[in-house]
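Visitor: Sharing a structure with you now.
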Amino acid sequence: EAQVTQNPRYLITVTGKKLTVTCSQNMNHEYMSWYRQDPGLGLRQIYYSMNVEVTDKGDVPEGYKVSRKEKRNFPLILESPSPNQTSLYFCASAVQRGTDTQYFGPGTRLTVL
Amino acid sequence: AQRVTQPEKLLSVFKGAPVELKCNYSYSGSPELFWYVQYSRQRLQLLLRHISRESIKGFTADLNKGETSFHLKKPFAQEEDSAMYYCALSYNTGGFKTIFGAGTRLFVKA
């Protein structure tokens, strides 16, 4: 089944403890992106990637890192999480560009204590 | 700066009534506009995009460049339309960024 997967789905952690949220797609899409969803703010783009080894900042990149070593994977890294990064995170992919239809993962709910 | 505004957080209508979810955008170039929908316990998914000009599940949306709007409409709401709806703007900035509105929760009452 063509889809975007994220792991873990739920995570509770403490301030400062490095974590990685994985994202994988099996549709051979070139474009991948990370968003965070907060009440009243909708989805805000964190980082996106046009292709392998090509990444760029979205609107809220502070405190996050990404890498795109393989086409199918786009992990989100929080080197030193803080409580203001408590949020619902979505990964998405698109065939080639961000202006193509984006396909979303199921979401990862992160709580930073 | 680019912006997407959905003025209604919650919209409640009766089954069979017309529904319009408003979306206004701020962008100086040619926008790529989308409506995404999230049904309960499901993933966010595309409902429709302006370049396809098609009707999905009875919904239509017309891009009005003069009013910078992309309102979503359906003449007769159904209970299964109850969901969270997001308007989104994608644009080329060397890369391709996407901005979402805050979303409108549609509740269709029986």
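Visitor: Could you pull out every one of the strands (runs of 3 or more DSSP E) wholly within chain A that has 1 or more residues that are within 12 Å of chain B (Cβ to nearest Cβ)?
Guide: A:4-7, A:31-38, A:42-51, A:54-57, A:87-94
Visitor: Could you identify the single residue in B:E54, B:E79 that is more than 11 Å from the chain's Cα centre (by Cα) and either away from chain A (no Cβ under 14 Å) or more than 26 Å from A:V4 (Cα to Cα) (or both)?
Guide: After applying the criteria, what remains is B:E79.
Visitor: Moving to a separate point now. Can you name every residue in region A:14-54 that is among the β-branched types (V, I, T) and at pLDDT below 95?
Guide: Across region A:14-54, the qualifying residues are A:V52, A:V54.
Visitor: With respect to B:L44, is the statement that it is surrounded by 15 or more Cβ atoms within 10 Å (Cβ to Cβ) and closer than 28 Å to A:T108 by Cα true?
Guide: For B:L44, the condition - surrounded by 15 or more Cβ atoms within 10 Å (Cβ to Cβ) and closer than 28 Å to A:T108 by Cα - is met.
The values are calculated or read from the model by the stated rules, or taken from the named source; none is laboratory data. What you see is a predicted model; the values in this text were computed from it and never measured. So basically every Cβ, Gly included, is an ideal-geometry build from the backbone, and we count neighbours across all protein chains shown.
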